[in-house]
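Right, one structure below, let's go through it.
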Amino acid sequence: MDLGIKDRWAIVCAGSKGLGKACAKALVSEGVNVVINGRTESSLLAAQKELEALPNAGKVIVVAADITTPEGREKVLAAAPQIDILINNAGGPPPGNYLDWTTEDWMKALNNNMLTAIELIKAVTPKMQAQQFGRIVNITSSAVKAPISVLGLSNGARAGLTGFVAGIARTTVHDNVTINNILPGAFATDRLLQTIAAEADKNGISQEEAVDARMQKIPAKRFGQPDEFGALCAYLCSEQAAYITGQNFLIDGGAYPGTF
Ligand code: NAP
């Protein structure tokens, strides 16, 4: 299916690795020009090389900046000649015990996983509405639907973003600007593998055993591949997806046990 977005411009925040990079890959494969962002220059340059080698690749611009700061966001927004697509993403907060979290910890999580996306949405929607095309996808987490107690900072901040998006997405769609969230379950990225390595250490088991134990809890009996995530993201950014807004798409190999 031709997604009808060739030659459009996308900003993919935190797009040098993992799920962000997978979204950038899927968009580049559709002929979209991309600005990808991350804090580490070396991984950004490696991602740029990988994206430029894809068939249909157009321009791939990299911006080394912390997307959770106003200066970082300004640099990223300024790098694209026009913005048709915005993928909001940033690193997730650390796990822990809610009794230990200070107001400062909460402010950081809210800034990184809620307010940063809101600031970027604010920055792009007026122009997207004026040009009568815009697609915004926020990478959140399956924890929005099925909270994980040790990830309370993530549960709270991402649920806040989800509530904001639910309201605002209904106010832009008449101008062909949609805003949706994708909720990943367990995907085979650096972040997941680091978390599992820490779990293995804590429980005195090997990494292979820890991986197997996690996979057994997922009905699909495996982790998601980042490219599977990227494909859903690209579809939500397509011309065809104009009638889908304010939705939350769980992609978790069946891990969430509910009917809805
Ligand atoms: P990942 O493989 O660790 O990749 C994270 C990417 O984000 C890297 O490119 C990293 O580059 C960039 N990044 C992190 N903080 C940044 C910042 N402040 N400014 C700019 N770039 C930043 O992680 P992932 O698995 O793709 O996860 C992406 C998001 O999905 C996270 O919020 C995570 O919590 C969430 N999530 C992931 C899973 C999963 O199973 N993978 C499940 C649920 C939710 P630099 O470090 O160089 O900046």
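The values are calculated or read from the model by the stated rules, or taken from the named source; none is laboratory data. Everything quoted here is computed from the prediction, not taken from an experiment. Glycine also receives a Cβ, built like all others from the backbone with ideal geometry; neighbour counts cover every protein chain displayed. These accessible areas exclude ligands, DNA and RNA; they are computed on the full protein's heavy atoms, side chains included. Shrake-Rupley method; radii C 1.70, N 1.55, O 1.52, S 1.80 Å.
Details
- Heavy atoms of the protein chains alone define the surface here; on that basis segment 39-149 has 53 Å² accessible area per residue at 1.4 Å probe size.
- Pairs from LYS6/LYS49; LYS17/LYS59; LYS25/LYS217 whose Cα-Cα separation, in the structure shown, is over 22 Å: LYS25/LYS217
- Taken over the chain, the convex hull of the Cα atoms encloses 134 Å³ per residue.
- Residues whose placed amide H lies under 5 Å from that of VAL35, excluding near-sequence neighbours: ALA10, ILE11, VAL12, ILE61
- Overall, the accessible surface of segment 160-260 at a probe of 1.4 angstrom is composed of carbon and sulfur to the extent of 56 percent.
- Cβ-Cβ FRET estimate between ASN203 and ALA146, R0 fixed at 30 Å, reported to 0.05: 0.85
- Crossing angle, helix 207-216 versus the chain [Cα axis fit, 0-90 degrees, rounded to tens]: 70 degrees
- Here segment 96-226 is treated as an ellipsoid with the same Cα gyration tensor; its semi-axes, largest first and in whole Å, are 33, 19, 11.
- The helix-only estimate of mean residue ellipticity at 222 nm for the chain, built from DSSP H runs of length n ≥ 4 each weighted as -39500 (n - 2.57), is -13500 deg cm²/dmol after division by the residue total.
- Relative packing of 25-35, 195-205, 236-246, which averages over residues the other C-beta atoms within 10 Å, highest first: 25-35, 236-246, 195-205
- The tail of the calculated P(r) for segment 80-155 beyond 19 Å holds 45 percent of all Cα-Cα pairs.
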